[in-house]
Amino acid sequence: MRVLSTKELRKEYLDFFKMHGHSVIPSASLIPDNDPTVLFTTAGMHPLVPYLMGEKHPAGKRLANVQKCVRTGDIDEVGDATHCTFFEMLGNWSLGDYFKVESIKYSFDFLTKVLGIPIEKMAVSVFEGDSDAPRDEESAKTWQELGIKKENIYYLPKENNWWGPAGMTGPCGPDTEIFFIRDQDSCSSECSPACNCGKFVEIWNNVFMEYDKQADGTFKPLKQKNVDTGMGLERTVAMLNGCESVYDIDVFAPVMKLLREKSNKGDEYIREMRIITDHIRTATFMLGDQKGITPSNVDQGYVLRRLIRRSIRFLRTLGLDNAVLAEISKAFIDIYAPYYSELAQNEHKIIEELNKEAEKFGKTLEQGLREFEKLLKYIQNKRISGKAAFKLYDTYGFPLEITIELAKENGIIVDVEGFEKAFKEHQAKSQAGAQQKFKGGLADNSIETAKLHTATHLLNAALRKVLNDDSIQQKGSNITAERLRFDFSFSRAMTAEEIAKVEEEVNRIIAKGLDVVCQEMPVEKAKKSGAIGVFDSRYDANVKVYSIGDYSMEICGGPHAANTKDLQSFKIVKEQSSSSGVRRIRAVVGKQS
Ligand code: SER
């Protein structure tokens with residue numbers, strides 16, 4: 001097996017696909033262009049969606065690149081040996097050109113001939129088939145013909161061997177994944193690449209994108225059959241170099257060394273050092289992106305703020321000051337500028353913004369930590385109240401995650417619900433003026449808003465069902481004639497799959513053509529019959545209860561559509577964070593174009 005650096009692997013990969021007729025295209029921005037449903041570019045295919053759908057790409061039908069990606073779904077895992085919030089993805093694409101057999105052959109040749117991975121160290125998985133798409137015998141047969149032993153070919157379900165769409169609808173399909181088999185025994189006889197025991201390290205994913213997922217959850221054939229592949233650069237370099245941890249590879253080593261030397265600390269602080277390294281690298285790429293963002297309290301800016309503030313807190317744990325933040329960022333700029341010229345162009349801005357954020361947070365961090373220490377002395381039941389957590393947020397700039405983390409380190413918990421309540425109360429006060437316009441969440445009483453209001457009830461019920469969580473609470477609703485906006489308590493981002501399922505559910509009920517029935521009854525009776533309603537205190541003794549079949553029952557003032565059919569169809573256009581522990585969905589109804 002060859003031992004390659006990240007620089008060498010990038011070059012070998014692009015050269016190989018160039019030799020096979022692929023045009024090399026630049027990495028797109030980390031901020032997606034045409035997809036309001038995700039905050040960051042999470043895969044190389046993301047910016048290519050229009051071309052996978054059939055639009056002609058100016059560079060041709062065969063493409064390859066190295067794409068900057070951010071995935072924050074596993075942020076709590078960062079600090080272990082493998083997780084990162086930023087990574088580079090090596091990818092090659094066929095836009096209606098070659099398909100399964102050639103794609104698999106290219107991957108096989110690159111891995112065995114260029115990288116020199118022995119065949120017996122390779123395992124693959126293929127799609128086992130279901131009602132949406134057939135079992136992928138063609139891929140399995142191709143692998144076998146190339147010399148992969150039958151026992152190293154695994155058939156797995158959609159959960160493992162299906163990729164996409166990147167947002168909620170769009171190109172997707174079955175995939176075949178390639179794994180490096182590490183020298184360790186299987187954890188059990190059922191162990192397979194689907195297992196997390198560490199025996200199988202995923203190195204490459206070849207997706208056969210021939211389907212277009214619809215808002216109603218069905219799969220339509222795409223105009224053309226595409227291939228979309230992705231290989232994690234850092235992980236593959238770690239594998240080739242026999243590194244135990246991805247943080248041991250060349251792009252991280254200088255920063256890890258710097259942290260060790262400056263702090264004079266060792267492996268007992270390895271988690272903190274990895275988190276700082278990871279978060280500052282990601283922050284550097286976000287700030288220095290061609291569509292660079294800055295720290296804020298919403299959307300991408302808030303993710304960035306949390307990354308920076310969390311790094312600062314861990315720098316303190318290592319006994320280091322804020323100056324190290326810029327020093328590490330500068331080290332990353334130097335490492336990556338030869339491939340990402342935007343980092344060099346934006347160097348001044350990156351460092352300035354990091355220092356600004358450090359100054360902002362630095363001023364209050366010490367006081368906040370002192371406040372936290374005080375809290376520790378007085379808390380009861382090993383629980384920090386929502387009010388206290390909110391004070392740490394509001395006065396000292398502690399993102400809730402930091403308070404939770406600090407609490408955890410001290411064996412106590414935080415009343416997250418209480419925090420949300422305090423947060424909402426604060427928001428309500430500061431937005432009182434703005435909210436006057438939206439009495440009861442409705443901008444007007446038009447037919448359109450009535451339909452969207454009914455859709456909100458269906459959405460509320462569908463969320464509880466799909467996310468299997470009856471504790472989900474409506475946290476706010478704002479409806480105009482164009483769209484609904486619905487806030488609800490939930491602690492993490494929904495997956496694309498969950499979002500699609502919720503859409504499917506709502507569309508299923510719409511298609512049933514159920515009447516929306518209104519009854520008046522005392523509030524107690526309504527509650528007893530299972531009606532949900534969040535604004536209890538605002539209701540009079542007798543309340544209106546709107547029911548939609550046996551699917552939804554809510555205490556509500558109306559108005560509503562007469563029948564679910566009136567809504568025609570339902571589509572979620574965005575799912576995002578609203579505030580800590582609260583998600584926000586924007587959706588529309590009517591004929592979808
Ligand atoms: N889109 C696929 C992935 O992210 C292959 O690139 O794994």
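The one condition from (1) more than 18 Å from LEU459 (Cβ to Cβ); (2) assigned to a strand (DSSP E or B); (3) in contact with a helix residue (DSSP H, G or I) (Cβ under 9 Å, 6 or more places away or on another chain); (4) open to solvent by 30 Å² or more (accessible area, probe 1.4 Å) that CYS518 does not meet is (3).
If I filter region 103-110 for residues that are surrounded by 23 or more Cβ atoms within 10 Å (Cβ to Cβ), among the small types (Gly, Ala, Ser), closer than 25 Å to TYR340 by Cα and at pLDDT 95 or above, do I get at least one hit? No; the residues of region 103-110 include none that is surrounded by 23 or more Cβ atoms within 10 Å (Cβ to Cβ), among the small types (Gly, Ala, Ser), closer than 25 Å to TYR340 by Cα and at pLDDT 95 or above. Of the residues making up region 14-40, those that are within 15 Å of the ligand (Cβ to nearest atom) and over 20 Å from PHE208 (Cα atoms) are ILE25, SER27, ALA28, LEU30, PRO32, ASP35, VAL38, PHE40.
What do you reckon, is PRO47 modelled with pLDDT under 90, assigned to a loop (DSSP other than H, G, I, E, B) and within 14 Å of the ligand (Cβ to nearest atom)?
On the way: modelled with pLDDT under 90: yes; assigned to a loop (DSSP other than H, G, I, E, B): no; within 14 Å of the ligand (Cβ to nearest atom): yes.
Criteria not met by PRO47.
Has region 143-154 got at least one residue that is within 16 Å of the ligand (Cβ to nearest atom) and open to solvent by less than 20 Å² (accessible area, probe 1.4 Å)? No, every residue in region 143-154 fails to be within 16 Å of the ligand (Cβ to nearest atom) and open to solvent by less than 20 Å² (accessible area, probe 1.4 Å). Residues that are outside any loop (DSSP other than H, G, I, E, B) and open to solvent by 10 Å² or more (accessible area, probe 1.4 Å) were ranked within region 111-133; the one that is farthest from the ligand (Cβ to nearest atom) is GLU120.
So, LYS363, is that one of a type outside the set (Phe, Trp, Tyr) and either touching a Pro at 6+ places or on another chain (Cβ under 9 Å) or more than 30 Å from PHE490 (Cβ to Cβ) (or both) or not? Steps first, please.
Values: of a type outside the set (Phe, Trp, Tyr): yes; either touching a Pro at 6+ places or on another chain (Cβ under 9 Å) or more than 30 Å from PHE490 (Cβ to Cβ) (or both): yes.
When the stated conditions are applied, LYS363 passes them.
Per the conditions (1) in contact (Cβ under 8 Å) with a residue 12 or more places away in the chain; (2) more than 15 Å from the ligand (Cβ to nearest atom), the sole criterion not satisfied by LYS56 is (1). Among the residues in region 397-414, are any under 24 Å from ARG271 (Cα atoms), open to solvent by 90 Å² or more (accessible area, probe 1.4 Å) and part of a helix (DSSP H, G or I)? Yes, region 397-414 contains a residue that is under 24 Å from ARG271 (Cα atoms), open to solvent by 90 Å² or more (accessible area, probe 1.4 Å) and part of a helix (DSSP H, G or I). Restricted to region 73-84, and to residues there that are touching a residue at least 12 places away in the same chain (Cβ under 8 Å) and within 15 Å of the ligand (Cβ to nearest atom), the residue that is most open to solvent (accessible area, probe 1.4 Å) is GLY73. The set of residues in region 231-252 being within 16 Å of the ligand (Cβ to nearest atom), open to solvent by less than 10 Å² (accessible area, probe 1.4 Å) and either touching a Lys or Arg at 6+ places or on another chain (Cβ under 7 Å) or not hydroxyl-bearing (Ser, Thr, Tyr) (or both) consists of MET231, LEU233, GLU234.
Rundown of residues vs (1) open to solvent by 20 Å² or more (accessible area, probe 1.4 Å); (2) small (Gly, Ala, Ser); (3) more than 14 Å from the ligand (Cβ to nearest atom), yes/no style:
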{"residue": "TRP162", "(1), (2), (3)": "yes, no, no"}
{"residue": "CYS172", "(1), (2), (3)": "no, no, no"}
{"residue": "PHE179", "(1), (2), (3)": "no, no, no"}
{"residue": "GLN184", "(1), (2), (3)": "yes, no, yes"}
{"residue": "SER188", "(1), (2), (3)": "yes, yes, yes"}
{"residue": "ILE203", "(1), (2), (3)": "no, no, no"}
{"residue": "TYR211", "(1), (2), (3)": "yes, no, no"}
{"residue": "THR229", "(1), (2), (3)": "no, no, no"}
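SER107 meets the conditions (1) in contact with a strand residue (DSSP E or B) (Cβ under 9 Å, 6 or more places away or on another chain); (2) over 30 Å from GLU575 (Cβ atoms); (3) away from the ligand (no atom under 14 Å from the Cβ) in every case but one. The failed one is (3). Residue pairs whose Cβ atoms lie under 9 Å apart, sitting 6 or more positions apart in sequence or on different chains, and linking a residue in region 285-302 that is under 17 Å from TYR339 (Cβ atoms) to a partner that is assigned to a helix (DSSP H, G or I) and aromatic (Phe, Trp, Tyr), are PHE285/PHE332; PHE285/TYR336; GLY288/TYR336.
The values are calculated or read from the model by the stated rules, or taken from the named source; none is laboratory data. Just so it is clear, the structure is predicted and the values come from calculations on it, not from any experiment. Heads up, the Cβs are rebuilt from the backbone with ideal geometry, glycines too, and the neighbour counts pull from every protein chain shown. For the accessible areas, the whole protein counts, side chains as well, though only heavy atoms, and no ligand, DNA or RNA atoms are used. Shrake-Rupley method; radii C 1.70, N 1.55, O 1.52, S 1.80 Å.
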